[in-house]
Amino acid sequence: MPATPPSKARTKAPSPASQRTISLSLNGTATVIAVTDPNQPLLYVLRNQLGLTGAKFGCGKGQCGACTILIDNEPARACQTPIAAVADKRVTTIEGLGSVKAPHPVQAAFIAEQAAQCGYCATGMVMSSVALLARIPKPSLDEAKRALSGNLCRCGTHQRILRAVMRASGSAQP
Amino acid sequence: MTAALSRRDLLRTGGVLLVGFALPASALATPSSVPRAKTVDTTEVDGFLAIHQDGSVTIFCGKVDLGQGLRIAIRQMAAEELGIGVERIAMIEGDTLLTPDQGPTVGSTGVMKGGVQIRQAAATARQALIRLAAERQDLPADQVDIVDGEVRPRSGEGRSFGIGDLVGEAGFNLKLDPKAPLRPPASYRVVGKPLPRPDVPAKITGRHVYVHDFTLPGMLHGRVIRPPSVGATLTSVDEASVRPVKGARVIRLRDFLAVVAETEWDAVRAAGLLKAQWSDSAPLMGHAAVRDAMKAGPFVGRDTLVNTGDVAGALEDSDAKVLRAEYFWPVQSHASMGPSCAVAEVKGGSATIWTASQATHRFRPAFAAMLGLPVDRVRLIYLDGSGCYGMNGHDDAAADAALLAKATGKPVRVQWSREDELGWDPKGPPQLLALEGALGSDGQVTGWRTEMWLPKATAGLPNVPLLAPQSAGIGQPMGLITGLINQNGDPPYAVPAVEVTVNWLADAPLRPSNIRAPGKIANTFAVEGFFDELCVASGLDSLFGRLRLLRDIRAIKALTRAAALMSWRPRPAPNPIPGIGRGIAYVHYKHSETYVAIAMEVAVDRDSGKITPRRVVCSHDCGLVINPDALKLQIEGAIIQTLSRTLLEEVAFDAKAVTSTDWASYPILGFADIPEIMVDLIDQPDLPPLGGGEAAATPVPAALANAVFDACGARLRTAPFTPDRVKAALPPPA
């Protein structure tokens, strides 16, 4: 199969108007980003321009959740978000949650449950879980399953991930 | 290894290793220095480990951690023998310059072979350290032990030496002693503990460096444009079509077509804009034709794999009840979450390729031949990729990157698209099995015949032929790689007459490669599904039917434990209470390795045909357990992934190419359908450690099929178990 053909809108050559910058809050820091193509997905900007490689390219179609980030605290797919769409928004990536030395409580729960194998989907899982727990602090197992239904995992780490979500919520684990 | 290496030499090579990326922050040590002229000889202790002056240790491991937990398990095995904590051990994996060739990371051999080899190197090192310390103190060697990284007199009296004080950076210069004594299991302090995996914190916090995240200065981004149909040739390229993307270049090597650009987004845009004409090509049979084609051939041979007793006599016995059934497993994709990626640099007559390959040593000659370089000028360095479960697209992406790096003279990163990965990863081959079984008048199984139709792996072929050299017209050995797909085709029970034959097909419908537990998933599906059919025909409980024909205590233990955890009450299938069913299946992996029994409970909706797995219990005996938590996770993963393959997965393709190229057309199991899974480890501290990555996958389809039959009377013999297949197999309502 040919490589993914980008949508028509995205293949437009940079226009003079696109030689601009956008401002946003990135992981709590006011950030100005030089924009060469307003249609460039945020994922590429994060990974290649800003060195934030925690969000992963999985499908480029919003089907797998490996690139999940938060925009104004709502989970979003960075592969489906043109950079222009995050102007003046609050964007949170996995790097904005915590670090190896000081993990966010949800990250700490994932680590405690060893909820990763290859780990390629893991950061997206964490981001979706953070969004869920902000909305529903004590989700049921079914609510957790529903909230993560847009995140795929091929290694089969699901049970650990669900346990991590329950652990982070302070509920009994499955 | 040269005896005298200066600190500067060591650090210089260490610097090469670390250039261009930061190693992930980790609780464990990272290599501080690596000898430049380090041996990779598998008969040398120095091939596998180095003890540094500060008492830290670097392990050089030919096997790689693909997410399965070797990174902690092998540390534990070495730490135990060396008498140090795992936090003192750094580990380098799959680097053709630095790590011995321990064979590819396939076949569930990481711990069983790779770890055992490193453990033996560590045991040899331990003997040497004890000897050195004993000599210095004039003590007999048996009066000295290593505890917490110090070689101490057992009496507690006298001097202690740090392990780093006894051996200089020049190493041991010592042959690995295959008979060096191992620490007795009763004394284990590290092995058997559920230690956390060192890479998890960085993976969870987004700091882990995957090959997808690796960059080099001046690196270009490449995208390869695969043809619209398999085998199509490139007739024309309009290079001007990428001009709107500043700096984008078209690279063409015969039918190998790619774009490179300075940024990834520019490469994506250029690939989308590029106009190319390809020849018409329609060489494929289409997925719907695969099953019939397997019986039609062409064939390249037929082998009898098992032949005991008078099978023909048993099957022709007029008093016997004879059952016959066919089982089919479709073409499947590895379906990795991340499309494959690699980075390559070719300059000054040498090449370095950063790759998520499971087999860096194995592929090294292929890359050398493709690039026209001597093998010793080509270095493949493993970096984590997205989990692969067999050879996915990683090695092809590495070949793409290497060809583009050679063509451009610059480092090139190639990232495949989702369509590339599902469309072009080499596929798990299809399998067809016909089974016959004879039941004597007392319900005993008196004879069994399995006939298989399988693509034949090409003898001596070193690796799966790669897409890049093939399209570029660069010669490479051609043929098929499948993994060992003909194992476990015979029942693991005391049946007096058994015959297993295989009809070898000349080709596979799509380029094949090994996929998790090669062949054994389908073969165990057939054997354990059909055995259940025989139990049903005899009116026997399917646990009892198995137990009465087992003579191996480890098998009996696994089956009875799984059944007990499922609160199994003996009765024949199907369940008198319809809609809910339980099934059980068992494997002795490859008839020589891990023992697994899986019991499963499912719900089946007769109207929709939907199967819902509710509970899975797995009793698992792989000998000595190195890390119970990492092992449990591997087993959970094997079960979930195989449920996905059994319920949902079949690669769709037409005459031209694969058509199931995204997650909508090639769905995998999601959270909604994840059952409760209980893993029951049967630790055998005094037995050798066996594989944990594959065996548990193999009984899953049969346990599921047997549970579905129990729930509704539908006998499923074709994967995936789609709702339509369930409805078609339902017996008419009573």
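The values are calculated or read from the model by the stated rules, or taken from the named source; none is laboratory data. Quick caveat: nothing in here was measured; it's all calculated off a predicted structure. Cβ coordinates were reconstructed from backbone atoms using ideal geometry, including for glycine residues, and neighbour counts include every protein chain displayed. Ligands, DNA and RNA are excluded from the accessible area calculation, which covers all protein heavy atoms including side chains. Shrake-Rupley method; radii C 1.70, N 1.55, O 1.52, S 1.80 Å.
Filtering segment B:404-416 to residues that are open to solvent by 10 Å² or more (accessible area, probe 1.4 Å) and assigned to a helix (DSSP H, G or I) leaves B:K406, B:A407, B:T408. Applying the set (1) modelled with pLDDT of 95 or more; (2) among the polar types (S, T, N, Q); (3) within 18 Å of B:L534 (Cα to Cα) to B:T458 leaves exactly one unmet item: (3).
When the residues of segment B:657-712 are narrowed to those that are without any contact (Cβ under 8 Å) to a residue 12 or more places away in the chain and assigned to a loop (DSSP other than H, G, I, E, B), which ends up farthest from the other protein chains (Cβ to nearest Cβ)? Give the derivation first.
To start, the set of residues in segment B:657-712 that are without any contact (Cβ under 8 Å) to a residue 12 or more places away in the chain comprises B:659, B:664, B:670-672.
Still in the running and assigned to a loop (DSSP other than H, G, I, E, B): B:659, B:664, B:670.
Numbers: B:T659: 9, B:A664: 6, B:G670: 6 Å.
Step by step, filter segment B:657-712, then rank; the result is B:T659.
Would you please name the residue that is farthest from B:L690 (Cα to Cα), looking only at residues in segment B:95-107 that are among the β-branched types (V, I, T) and open to solvent by less than 20 Å² (accessible area, probe 1.4 Å)? Restricting to residues being among the β-branched types (V, I, T) and open to solvent by less than 20 Å² (accessible area, probe 1.4 Å), the top hit is B:T96.
Residues in segment B:238-249 that are away from every other protein chain (no Cβ under 13 Å) and among the aliphatic types (A, V, I, L, M): B:A240 alone.
Taking first residues from segment B:293-309 that are in contact (Cβ under 8 Å) with a residue 60 or more places away in the chain and partners that are open to solvent by 80 Å² or more (accessible area, probe 1.4 Å), the Cβ contacts under 7 Å between residues at least 6 apart in sequence or on separate chains come to B:A293/B:M285; B:G309/B:P496. Annotation for segment A:149-165: at least one member residue is surrounded by fewer than 18 Cβ atoms within 10 Å (Cβ to Cβ) and facing chain B (nearest Cβ under 8 Å).
Of all residues in segment B:251-262, those satisfying the criterion of being more than 33 Å from the chain's Cα centre (by Cα) and either facing chain A (nearest Cβ under 9 Å) or open to solvent by less than 20 Å² (accessible area, probe 1.4 Å) (or both) are B:I251, B:A261. When B:R379, B:R324, B:R362 are screened for being under 30 Å from B:Q641 (Cβ atoms) and surrounded by fewer than 22 Cβ atoms within 10 Å (Cβ to Cβ), only B:R362 passes.
I'd like the full set of residues that are part of a helix (DSSP H, G or I) and closer than 28 Å to A:R154 by Cβ, limited to segment B:52-93. Full working, then the answer.
Of the residues in segment B:52-93, the ones part of a helix (DSSP H, G or I) are B:70-82, B:86-88.
Within segment B:52-93, B:L70, B:R71, B:I72, B:A73, B:I74, B:R75, B:Q76, B:M77, B:V86 qualify.
The set of residues in segment B:186-212 being at the interface with another protein chain (Cβ under 7 Å from one of its Cβ atoms) and open to solvent by 20 Å² or more (accessible area, probe 1.4 Å) consists of B:P196, B:P201, B:R207.
Okay, residues lined up against (1) open to solvent by 30 Å² or more (accessible area, probe 1.4 Å); (2) of a type outside the set (D, E); (3) modelled with pLDDT under 95:
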{"site": "B:T109", "(1), (2), (3)": "no, yes, yes"}
{"site": "B:Q127", "(1), (2), (3)": "yes, yes, no"}
{"site": "B:D148", "(1), (2), (3)": "yes, no, yes"}
{"site": "B:R159", "(1), (2), (3)": "yes, yes, yes"}
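The numbered conditions (1) more than 13 Å from every other protein chain (Cβ to nearest Cβ); (2) assigned to a helix (DSSP H, G or I) are all true for B:E451 except (2).
Here A:K101 meets each of (1) under 15 Å from the mean Cα position of the chain (by Cα); (2) more than 7 Å from chain B (Cβ to nearest Cβ); (3) open to solvent by 10 Å² or more (accessible area, probe 1.4 Å); (4) closer than 17 Å to B:R207 by Cα with one exception, condition (1). With respect to the conditions (1) away from every other protein chain (no Cβ under 11 Å); (2) part of a loop (DSSP other than H, G, I, E, B), A:A34 falls short on a single one, namely (2). Residue count for segment A:41-81 under the criterion of being of a type in the set (S, T, N, Q), surrounded by fewer than 24 Cβ atoms within 10 Å (Cβ to Cβ), more than 7 Å from chain B (Cβ to nearest Cβ) and closer than 21 Å to A:R146 by Cβ: the result is 2.
Look at (1) open to solvent by 10 Å² or more (accessible area, probe 1.4 Å); (2) more than 9 Å from chain B (Cβ to nearest Cβ) and you find that A:L132 fails only one, number (1).
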